[in-house]
Amino acid sequence: MAKKKAAKRSVSKQGKPPKAAKPVKVTRSGKAVTISFSKPEEAIPHLLNLASDFAGKHFDKASLTAAADDVLGTAAARDIVSGCANSDCWNCTLGDLKLDSDLFQSCVFNGVQQKGYSINRNDIPASQSTQLYTVVMAIQNAPKKAGP
């Protein structure tokens, strides 16, 4: 009897077609791009296309002539932001981290100033929906303060 049950199970599984993977879906709206996928390897070509599209529109128009220390830089910006947020969760928002927007913005502003660079306080994004990586991107090109 156990053999019959096993045979029935294998027949019923064989009769069903395998579940098809959901196709990759790329949605662009406003300033957001959403990629939905079931298998990461299926999303890679879409990511490469998006990166190429972005680079083609933005990087060929940039002309970088600043010396390495003429701007704050990404590493210093990360150090300042992660120190002020007490976190390196780059996709977390100030709200997620339960940070006071004004205190965080002041901390980042002071950190940039202490490193010898200049930025307007209002150029530092600090709403409760601001992600940490956005702050890094906003301050990394802060120019070196003019000498005395």
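A few comments on the model shown:
- Tally of residues being of a type in the set (Gly, Ala, Ser) and at pLDDT 65 or above across the stretch 53-87: 8
- Check on ASN110, open to solvent by 50 Å² or more (accessible area, probe 1.4 Å) and modelled with pLDDT of 90 or more: yes
- If you go through the stretch 97-148 and pick out every residue that is without any contact (Cβ under 8 Å) to a residue 12 or more places away in the chain and of a type in the set (Lys, Arg), you end up with 1.
The values are calculated or read from the model by the stated rules, or taken from the named source; none is laboratory data. The structure displayed is predicted, hence computed values, not measured ones. All Cβ positions, even for glycine, are placed from backbone atoms using ideal geometry, and neighbour counts span all protein chains on display. Note: areas computed on protein heavy atoms with side chains; ligands, DNA, RNA excluded. Shrake-Rupley method; radii C 1.70, N 1.55, O 1.52, S 1.80 Å.
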